[in-house]
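**Student:** Structure in structure tokens, see below.
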Amino acid sequence: MAAAPTYPFAIPSLSKTVPDLPALGDLDTHVSINAGDPIDVAHLKNADLVVRKLISQLNAPEDAGVTADMVERAQVRLHAIREAHAGVAHAPGIMDGITAIRREISIIKEDVRTIKEDVRTIKEDVRTIKDHEPAEPAPIGSVPENFNRDLSTYTGRDIAKLIFFYNLDFGIVQGDDAEKRDIKVLEFLTCH
């Protein structure tokens with residue numbers, strides 16, 4: 001035999017969420033619903049009647065001490081009860097699915113904590129690149145393989161290869177045009 005359906009979450013009494021709620025005759029505003037309590041249609045009917053009574057008192061010519069905020073909170077409580085009833089009646093397995101998702105999220109959070117701890121404990125010298133001295137420039141008089149002595153045929157790529165080989169920028173700056181780059185490379189190669 002299947003277990004009786006229960007409320008999947010707690011719903012506080014209206015008098016708890018609205019302490020200054022006026023008396024509503026024979027309607028009960030002090031009943032809280034606990035998670036796991038059996039579904040009871042009486043809770044739904046009572047919450048609906050409370051909302052109707054509060055709306056009528058709010059719209060009454062004499063001041064009954066009811067505010068729009070009180071009506072809103074009563075409506076929110078009614079919606080929460082309706083949601084619980086609808087979930088049990090029309091989507092009975094949804095809470096099991098949500099529970100499984102929550103469990104998976106907890107596992108993921110624990111995995112992330114473990115990874116953070118592992119990363120934190122890795123030695124500092126493994127995590128950071130050590131400072132290093134730049135390589136020494138090529139010795140004076142040396143030239144790269146397949147060196148072309150006709151500098152007038154050099155492209156930007158050829159000059160970049162020379163910069164890499166000599167580990168020196170020849171004084172070339174970003175705004176220099178092709179002619180200036182050629183002159184600076186030529187000066188370097190002829191003066192050294």
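The values are calculated or read from the model by the stated rules, or taken from the named source; none is laboratory data. None of these values were measured; they are calculated from a predicted model. Cβ placement follows ideal geometry from the backbone for every residue including glycine, while neighbour counts extend to all protein chains displayed.
**Student:** Give the residues of region 67-102 that are among the small types (Gly, Ala, Ser) and not in a helix (DSSP H, G or I), sorted by residue number.
**Tutor:** Ala91, Gly93
**Student:** Condition first: over 22 Å from Pro144 (Cα atoms) and of a type in the set (A, V, I, L, M). Now tell me which residues in region 162-180 satisfy that.
**Tutor:** Once the filter is applied, which keeps residues that are over 22 Å from Pro144 (Cα atoms) and of a type in the set (A, V, I, L, M), region 162-180 yields only Val173.
**Student:** Considering only residues that are of a type in the set (Val, Ile, Thr) and either assigned to a helix (DSSP H, G or I) or modelled with pLDDT under 80 (or both), which ones fall in region 137-168?
**Tutor:** Passing the criteria: Ile140, Val143, Thr153, Ile159, Ile163.
**Student:** Run down Ala64, Ala35, Ala23, Ala3 and say which single residue is touching a residue at least 12 places away in the same chain (Cβ under 8 Å), exposed (fewer than 13 other Cβ atoms within 10 Å of the Cβ) and in a loop (DSSP other than H, G, I, E, B).
**Tutor:** After ruling out the rest, the residue left standing is Ala35.
**Student:** Scan (1) surrounded by 12 or more Cβ atoms within 10 Å (Cβ to Cβ); (2) modelled with pLDDT of 95 or more for the single condition Thr17 breaks and write down its number.
**Tutor:** The one condition Thr17 does not meet is (2).
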